[in-house]
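J.: Following this message is one structure expressed as structure tokens.
The values are calculated or read from the model by the stated rules, or taken from the named source; none is laboratory data. Computed from a predicted structure; not experimentally measured. In this analysis, Cβ positions are derived from the backbone assuming ideal geometry, glycine residues included, and neighbour counts consider all displayed protein chains. We work out accessible area using only protein heavy atoms, side chains counted, and drop any ligands, DNA or RNA first. Shrake-Rupley method; radii C 1.70, N 1.55, O 1.52, S 1.80 Å.
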Amino acid sequence: MNVTTISPPPFEPVTLAEVYAHLRLDPDDGAHPDDSLLTGFIEAARTQVEQMTRRSLVARRLRVSYGNWPACGLRLWRPPVLRVIAVRRMEDGELVEAEGWTVSDEQIPRLRFVDGRAPAVLHGQADALQVEYEAGYAPAGSPPTTQADFTANIPRPLKDAILLGVQLLYDTLAPDQRDRIERTRDALISPFRVLIV
């Protein structure tokens, strides 16, 4: 099983302005000398929160590839899943569209075929089955175009955890301060962790 990002998120969950406020920075004329550093820290902190929760925050397009058909169905990793775009299977050396599938309503959704039969695939070939889907919290707007649209439904605790992650990367902290901030960040994301069973 392999998960590939086809289209990365168009925006980050928090803005530089939110980071300025959190770090108590006073930018001159709306900019700060560390803007490029802070922008990188936002991405790093978002990635860490996504890894810790096993979730996608901002909507992006993913592809999961399997070498065979698991008996329990194909898991669509990094939820929440917004929509399935395409399901393809290998046939005579070509990827063809598969039909007649449904997606479960589990924490990690599973794609199953309606008739219960797995498609014929070339077992052991890493990409014999592919599902392309959109994952992340549902954007607002129709269509969504702005950062506010794409981040409108991301839970506030996850955004706060990202801000704390930026602080951990940016500030010089005493060990006890660092420990307290890490514990607070972990407590914020704990209810959102995807459990793998």
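J.: Do you know which residues across the stretch 61-79 are under 22 Å from Pro157 (Cβ atoms) and surrounded by fewer than 19 Cβ atoms within 10 Å (Cβ to Cβ)?
T.: The answer is none; no residue qualifies.
J.: Report, by residue number, each residue of the stretch 1-10 that is over 11 Å from the mean Cα position of the chain (by Cα) and modelled with pLDDT of 95 or more.
T.: The answer is Ile6, Ser7, Pro10.
J.: Any chance the stretch 120-141 includes a residue that's at pLDDT 95 or above and more than 15 Å from the chain's Cα centre (by Cα)?
T.: yes
J.: On to the next question. Taking only pairs six or more apart or across chains, which ones have beta-carbon atoms under 9 Å, a first residue in the stretch 147-176 that is under 22 Å from Ala59 (Cα atoms), and a second residue that is open to solvent by 50 Å² or more (accessible area, probe 1.4 Å) and of a type in the set (Phe, Trp, Tyr)?
T.: Listed by first residue and then by second, the contacts come to Gln147/Phe11; Ala148/Phe11; Asp149/Phe11; Phe150/Phe11; Thr151/Phe11.
J.: If Val96 meets every condition in (1) surrounded by fewer than 16 Cβ atoms within 10 Å (Cβ to Cβ); (2) closer than 12 Å to Val131 by Cα; (3) in contact (Cβ under 8 Å) with a residue 40 or more places away in the chain apart from one, which number is that one?
T.: (3)
J.: Filter the stretch 157-181 for residues that are within 19 Å of Pro13 (Cα to Cα) and either acidic (Asp, Glu) or not in a helix (DSSP H, G or I) (or both) and give the result.
T.: Result: Asp160, single match.
J.: If you scan the stretch 11-45, which residues turn out to be more than 16 Å from Leu158 (Cβ to Cβ) and either under 12 Å from the mean Cα position of the chain (by Cα) or of a type in the set (Ser, Thr, Tyr) (or both)?
T.: Across the stretch 11-45, the qualifying residues are Tyr20, Ser36, Thr39.
J.: Yes or no: Ala17 assigned to a helix (DSSP H, G or I), over 23 Å from Ala135 (Cβ atoms) and either out of contact with any helix residue (DSSP H, G or I) (no Cβ under 6 Å at 6 or more places or on another chain) or open to solvent by 60 Å² or more (accessible area, probe 1.4 Å) (or both)?
T.: So Ala17 passes the test.
J.: Then there's this: I'd like to verify a number: residues in the stretch 99-117 that are at pLDDT below 90 and either open to solvent by less than 50 Å² (accessible area, probe 1.4 Å) or touching a Pro at 6+ places or on another chain (Cβ under 7 Å) (or both), how many?
T.: 2
J.: Report yes if Ala138 is hydrophobic (A, V, I, L, M, F, W, C), farther than 15 Å from Glu18 by Cα and surrounded by 13 or more Cβ atoms within 10 Å (Cβ to Cβ), otherwise no.
T.: Yes, satisfied.
J.: I'd like the residue in the stretch 25-45 that is out of contact with any helix residue (DSSP H, G or I) (no Cβ under 8 Å at 6 or more places or on another chain) and at pLDDT 95 or above and, out of all such residues, is surrounded by the fewest Cβ atoms within 10 Å (Cβ to Cβ).
T.: That would be Ser36.
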